[in-house]
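One structure below.
The values are calculated or read from the model by the stated rules, or taken from the named source; none is laboratory data. On a predicted model such as this, the values are computed, not experimentally measured, just so you know. Glycine gets a Cβ as well: all are built from the backbone with ideal geometry, and neighbour counts include every protein chain shown.
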Amino acid sequence: MTPNITKDKLRQLLKQGLSQSEIARCTGIPRATIRQRIQALGTCEGHTRGRKPCNAPLSEGHRETPLPHELLEAWEDLQEVQAWWRARKQALQTAHAHQEIQRQTYDVQTRYIAAIACAADAEGVSIMAIVNRAFRQFFCEMGLQE
């Protein structure tokens, strides 16, 4: 049986800027099903990043694929962004690797569970990293931890 998602939850994930593929990964619902449900909403909310909404007119100079020389001009920038992203991902994954961890169960609202999983997937880090970051921020704001 395919997991279910409410129309409101789907709209919320789309407004957060998640792509259809990201929503599919976070919810466990096939991307084709997500696409169908977005279409059933009767909106253009589900268009993919970088493309115009489904009813938006195309401009005269519109083209789907950048020309090769445009890609070559951006190549060094793309490599720099990729290197930064990989370094950031590695730093987040290993920043607290030396600290002792313990498995603990807490009751958490369902909306936070989905948000944690989506954030971890989007950043390419573990769920533990997202949860520990949230706890660290909370306790720092409370003045209970450095």
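Some points to look at:
- Filtered by the rule that a residue be under 10 Å from the mean Cα position of the chain (by Cα) and among the basic types (Lys, Arg), region 1-43 gives a lone residue, 25.
- Wholly enclosed helices (runs of 4 or more DSSP H) of region 1-105 bearing at least 2 residues at pLDDT 80 or above and surrounded by fewer than 10 Cβ atoms within 10 Å (Cβ to Cβ): 7-15, 68-94
- Residue within region 113-126 that is at pLDDT 85 or above and over 26 Å from residue 11 (Cα atoms) present: no
- Where a residue in region 108-132 is touching a residue at least 40 places away in the same chain (Cβ under 8 Å) and its partner, wherever it lies, is in a loop (DSSP other than H, G, I, E, B) and not charged (D, E, K, R), with Cβ under 9 Å and at least six apart: 118/16; 118/18; 122/18
- For region 125-146, taking the residues that are part of a helix (DSSP H, G or I) and of a type in the set (S, T, N, Q), the one that is nearest to the chain's Cα centre (by Cα) is identified as 132.
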